[in-house]
Amino acid sequence: MAKFFAATDADPAVLSDKTIAVIGYGNQGRAQAINLRRAGHRVIVGNQEDDSWRQARDDGFQPLAMDAAAARADIVLLLLPDEIAPDVYRRMIEPHLSRGKTLDFASGYNITYKFIAPPREIDVDWANVLLVASCPESLRETEQYVEAVLARPGRNDRREPDGSVSRR
């Protein structure tokens, strides 16, 4: 059964001492990075050097390479397109994940279909806002809220030492 939460159910203080890395500064990444920073959280951006990198810099961030941002973060928001996320994850994100870190997805595709199988010792979340990512900016000004899906994927999949994924 689904459980519904209101904004008042959240405690933003749990993020007060955390560094949040937004990996990918496209449609989802830009909106989430800006909103998290406005809420007072410590946000860093990881992106390749392209137009999105320049946009992040113009928005007041000091963008880093994706692996450097993942290494510095306590919470990693993987906000890349589904088709490139698995490769970037394996090369640049996974080597920097360790106990106590959290990996967050905006799309459930790669985690659901096992293209990405995070190590068991980290927390994994999926948070999907049910609208186009640029919309929260205008909604914030009118104090309107939107629905989102929050999930913790099952931890039955395990990354084996040889890199394979066992499904239990």
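Identify, from the list ILE84, ILE75, ILE44, the residue that is aliphatic (A, V, I, L, M), over 11 Å from the mean Cα position of the chain (by Cα) and crowded, with 17+ Cβ neighbours inside 10 Å. After applying the criteria, what remains is ILE44.
Which one of ALA68, ALA117, ALA85 is under 17 Å from ILE44 (Cβ atoms) and in contact (Cβ under 8 Å) with a residue 12 or more places away in the chain?
Going through ALA68, ALA117, ALA85 in turn, just one is under 17 Å from ILE44 (Cβ atoms) and in contact (Cβ under 8 Å) with a residue 12 or more places away in the chain: ALA68.
Conditions tested, residue by residue: (1) assigned to a helix (DSSP H, G or I); (2) at pLDDT below 90; (3) within 16 Å of ASP67 (Cα to Cα).
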position	(1), (2), (3)
PHE4	no, yes, no
THR8	yes, yes, no
VAL14	yes, yes, no
ASP17	no, no, no
VAL22	no, no, yes
GLN28	yes, yes, no
ARG37	yes, no, no
VAL43	no, no, yes
GLU49	no, no, yes
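Considering the range 69-168, the qualifying helices (runs of 4 or more DSSP H), each wholly inside and each with 2 or more residues that are of a type in the set (Asp, Glu) and at pLDDT below 60, run over 135-141.
The values are calculated or read from the model by the stated rules, or taken from the named source; none is laboratory data. Treat the numbers as computed from the prediction; the structure is a model and nothing was measured. Heads up, the Cβs are rebuilt from the backbone with ideal geometry, glycines too, and the neighbour counts pull from every protein chain shown.
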